[in-house]
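*Asks:* Below are the structure tokens for one structure; questions will follow.
The values are calculated or read from the model by the stated rules, or taken from the named source; none is laboratory data. Note that the coordinates shown come from a computational prediction; the quantities given were computed from them, not determined experimentally. When we count neighbours, we look across all protein chains shown, and the Cβ atoms used for this are built from the backbone with ideal geometry, even at glycine. These accessible areas exclude ligands, DNA and RNA; they are computed on the full protein's heavy atoms, side chains included. Shrake-Rupley method; radii C 1.70, N 1.55, O 1.52, S 1.80 Å.
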Amino acid sequence: IRCWSNIPFITMPLSRAHGKSFAHRSELKHAKRIVVKLGSAVVTRGDECGLALGRLASIVEQVSMLQNQGREMMIVTSGAVAFGKQRLRHEILLSQSVRQALHSGQSQLKDMAIPVLEARACAAAGQSGLMALYEAMFTQYSICAAQILVTNLDFHDEQKRRNLNGTLHELLRMNIVPIINTNDAVVPPPEPNSDLQGVNVISVKDNDSLAARLAVEMKTDLLIVLSDVEGLFDSPPGSDDAKLIDIFYPGDQQSVTFGTKSRVGMGGMEAKVKAALWALQGGTSVVIANGTHPKISGHVITDIVEGKKVGTFFSEVKPAGPTVEQQAEMARAGGRTLAALQPEQRAEIIYRLADLLTDQREDILLANKKDLQEAENKGRLALPLLKRLSLSTSKLNSLAIGLRQIAASSQDSVGRVIRRTRIAKDLDLEQVTVPIGVLLVIFESRPDCLPQVSALAIASGNGLLLKGGKEAAHSNQILHHLTQEALSIHGVRDAVQLVNTREEVEDLCRLDKLIDLIIPRGSSQLVRNIQKAAKGIPVMGHSEGICHVYVDTDASVEKVTRIIRDSKCEYPAACNALETLLIHRDLLRTPLFDQIIDMLRVEQVKIHAGPKFASYLTFSPSEVKSLRTEYGDLECCIEVVDGVQEAVEHIHKYGSSHTDVIITENEKTAEFFLQHVDSACVFWNASTRFSDGYRFGLGAEVGISTSRIHARGPVGIEGLLTTKWLLRGDNHVVSDFSEHGSMKYLHESLPLPQRNAS
């Protein structure tokens, strides 16, 4: 165990045979020996005079953390010239001011011209100060650093090369971080055309080539090149349609147009790419990323090592299928074509998918059986998740029925006129429904979710990206294949995409330019993680399903136990299952209360007592740790309230705005509860389990939303639509409606067109 910032870290067993670079980002966490190259733009301030101390401190912190995990870290740094320039400018200004004061006999200073400073002199003046700064920063983390200055000759002279190699290995063995820089005080100009011509020949003319040469010499696993751009773009950053390249492969140079070099430093992006490809050829993985962005620079290095999608990753292994970015673009294009189809054509696709679910059920169940066997063999899924993973003939039949409901109800969903207004004579405005765009649906252990969500996306004309759990890989694969087969009847196969690459959910949540809405379907932890990770993309869903049932004094004895049993025991892992049972105080120690307790015991439901309930009992069940708990199992909390008003207050304080129920025969009390409980679903004398898209007649749902914007409750087709405004005029201009204009606003409401009777 090592310590970093007073936090103990268990060192990781990191080792692999060098010679072949990592094929995927997810493998970068296994990198043991890492070179971090800090470009001039990263190390220096915007005025190019002095160092960016905040960024430098953050980089040192990240390197220290990785070093304390058992990795071997090396830094190739720029900054000596900038630091020396700051020192020399100060010295020149001071010298000039003294001479001027002596010459003029005046104390005031006049404008003084600072001569152009020679880079080698600046480097000589700045190297010692730069190293002293690194040493002071690394000392804060109990790490020693050592400086090594090199030139091109140190790599071309065999003896010097061996000496350098031996020195670096010895420093790493002693857990010291080597800080390497070109000796800019004496470095000769590079030899022309001697650069990057093979694994054994690379001219050290800047820190990019130095880092690449060093990475290969030292057999490092990973080279991280930090600059002032996000990574490699297919055209110069800032130009129209410039797209960040997530993974770059040897041979892709022809598809890239290089711009100018960075604001400071010797090498531009073209030099970085050449150096990166040279290092890749030598067996070192490379990532080029932004080390200056204030939002990510504090964790850019650790994010890269953790395999997160940051910057451009250089790989020699091209994936068999499209990237997730390409899939998102295909889904958008396919979704637009889908939205342009006639409603009957979209319905025909869904009917075809429903038929395929029953016609191909043997193949579906066989694939599902493989998933179940693998999950049971690995023992990684709890029983409730195994139940969700399991498909059956009855489940497939129910799915097919739900899909036919969706097809029947989707006839006028897209393009439906919901408002018509006559703005002025011959100027009519319409508000019509349109698809949201591209949906990303992330689901766990629920293969039945795939055809449901696909049907809703097809009905609403949305492109769809699906990310299922690996525990359902076989089931998801065949269900997606059947979905694309159904889509093919009208040439929109690409509208629904299944993400099969090793994309982390957090990386998918960053594709804000490609995805319009994220819908998570799974555990409350999954939903919370996605809500936290989403960068600029709205998330529809609920993080918890803390559902309440309130038993009033006027409750029917026959209804109480039936509704409570169904709400808690029918499917305790569901998000709409009962979690907290609220009992009116006057029902304590009554036969009705005894019946409730007996029923829960027979059903083997573990009871947790709320604080007020526990105070009424001499020997109470275990007192609840939190009244805001989603058990997801045969457990529930019982709490006592003084009446419907306190029940409402309790739900607002501890609930999750999902589904809440009152059991009573008093209509006035029930209406008070229905009107005052601020949840997505509020029921009277009905089980919480009715909170479901299929049971609501929506055919299916993409999830249940507890948000207050857009859709709320079970979300069907309507929740996947937004609107746009269509204005039809005839040479209308706003100036005609001015005080002295010729036209007047009418703003008359017009009747809506007749809706499809079906």
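*Asks:* Tell me, which helices (runs of 4 or more DSSP H) lie completely within the range 485-571 with 2 or more residues that are assigned by the TED database to the domain that holds G463 and open to solvent by less than 30 Å² (accessible area, probe 1.4 Å)? Steps first, answer last, please.
*Replies:* Numbers: elements: 505-508, 524-533, 557-569.
In the range 485-571, the matching helices (runs of 4 or more DSSP H) lie at 505-508, 524-533.
*Asks:* Next question, about the same structure. Provide a single number: the residues in the range 715-757 that are without any contact (Cβ under 8 Å) to a residue 60 or more places away in the chain and among the polar types (S, T, N, Q).
*Replies:* Residues in the range 715-757 being without any contact (Cβ under 8 Å) to a residue 60 or more places away in the chain and among the polar types (S, T, N, Q): 5 in total.
*Asks:* From the list E646, E718, which one is charged (D, E, K, R), open to solvent by less than 60 Å² (accessible area, probe 1.4 Å) and on the phi < 0 side of the Ramachandran plot?
*Replies:* E646
*Asks:* Taking only the range 419-446 into account, find how many residues are within 30 Å of E504 (Cβ to Cβ) and assigned to a strand (DSSP E or B).
*Replies:* Residues flagged as within 30 Å of E504 (Cβ to Cβ) and assigned to a strand (DSSP E or B) within the range 419-446 amount to 7.
*Asks:* Here are the criteria: (1) in a loop (DSSP other than H, G, I, E, B); (2) surrounded by fewer than 15 Cβ atoms within 10 Å (Cβ to Cβ); (3) among the charged types (D, E, K, R). Tell me which single one D586 does not satisfy.
*Replies:* Tallying (1) in a loop (DSSP other than H, G, I, E, B); (2) surrounded by fewer than 15 Cβ atoms within 10 Å (Cβ to Cβ); (3) among the charged types (D, E, K, R), D586 fails exactly one: (1).
*Asks:* Within the set of pairs 6+ apart or on separate chains, which have a first residue in the range 138-153 that is of a type in the set (G, A, S), a second that is part of a strand (DSSP E or B), and C-beta atoms under 6 Å apart?
*Replies:* A145/V177; A145/I179; A146/I176; A146/P178
*Asks:* Tell me, please, whether a residue that is among the small types (G, A, S), open to solvent by 20 Å² or more (accessible area, probe 1.4 Å) and at negative phi can be found in the range 686-695.
*Replies:* Scanning the range 686-695, I find at least one residue that is among the small types (G, A, S), open to solvent by 20 Å² or more (accessible area, probe 1.4 Å) and at negative phi, so the answer is yes.
*Asks:* Hey, can you tell me all the residues within the range 245-289 that are in contact with an Asp or Glu (Cβ under 7 Å, 6 or more places away or on another chain), modelled with pLDDT of 85 or more, closer than 19 Å to S40 by Cα and open to solvent by 10 Å² or more (accessible area, probe 1.4 Å)?
*Replies:* K272
*Asks:* Evaluate the following for A473: is it closer than 28 Å to A367 by Cα, open to solvent by less than 20 Å² (accessible area, probe 1.4 Å) and assigned to a helix (DSSP H, G or I)?
*Replies:* no
*Asks:* Condition first: touching a Lys or Arg at 6+ places or on another chain (Cβ under 8 Å), surrounded by 19 or more Cβ atoms within 10 Å (Cβ to Cβ), modelled with pLDDT of 75 or more and assigned to a helix (DSSP H, G or I). Can you find one or more residues in the range 63-76 that meet it?
*Replies:* no
*Asks:* Further, regarding this structure: Sort through E739, E630 and tell me the only one that's among the acidic types (D, E) and out of contact with any helix residue (DSSP H, G or I) (no Cβ under 7 Å at 6 or more places or on another chain). Don't jump to the end; show me each part of the working.
*Replies:* Working: E630 fails: out of contact with any helix residue (DSSP H, G or I) (no Cβ under 7 Å at 6 or more places or on another chain).
The unique qualifying residue is E739.
*Asks:* Also, quick follow-up: What number of residues within the range 131-173 satisfy the criterion of being in contact with a strand residue (DSSP E or B) (Cβ under 6 Å, 6 or more places away or on another chain) and part of a helix (DSSP H, G or I)?
*Replies:* 7
*Asks:* For the range 591-643, how many residues meet the condition of being open to solvent by less than 60 Å² (accessible area, probe 1.4 Å) and assigned to a helix (DSSP H, G or I)?
*Replies:* 8
*Asks:* Which of the numbered conditions does T302 fail, given that it passes all the others? Conditions: (1) in contact with a helix residue (DSSP H, G or I) (Cβ under 7 Å, 6 or more places away or on another chain); (2) crowded, with 22+ Cβ neighbours inside 10 Å.
*Replies:* Unmet condition: (2).
*Asks:* Next question. For the range 355-418, which helices (runs of 4 or more DSSP H) that fit wholly inside it have 3 or more residues that are out of contact with any Ser or Thr (no Cβ under 6 Å at 6 or more places or on another chain) and either under 29 Å from I489 (Cα atoms) or open to solvent by less than 40 Å² (accessible area, probe 1.4 Å) (or both)?
*Replies:* The qualifying helices (runs of 4 or more DSSP H) are 361-378, 393-409.
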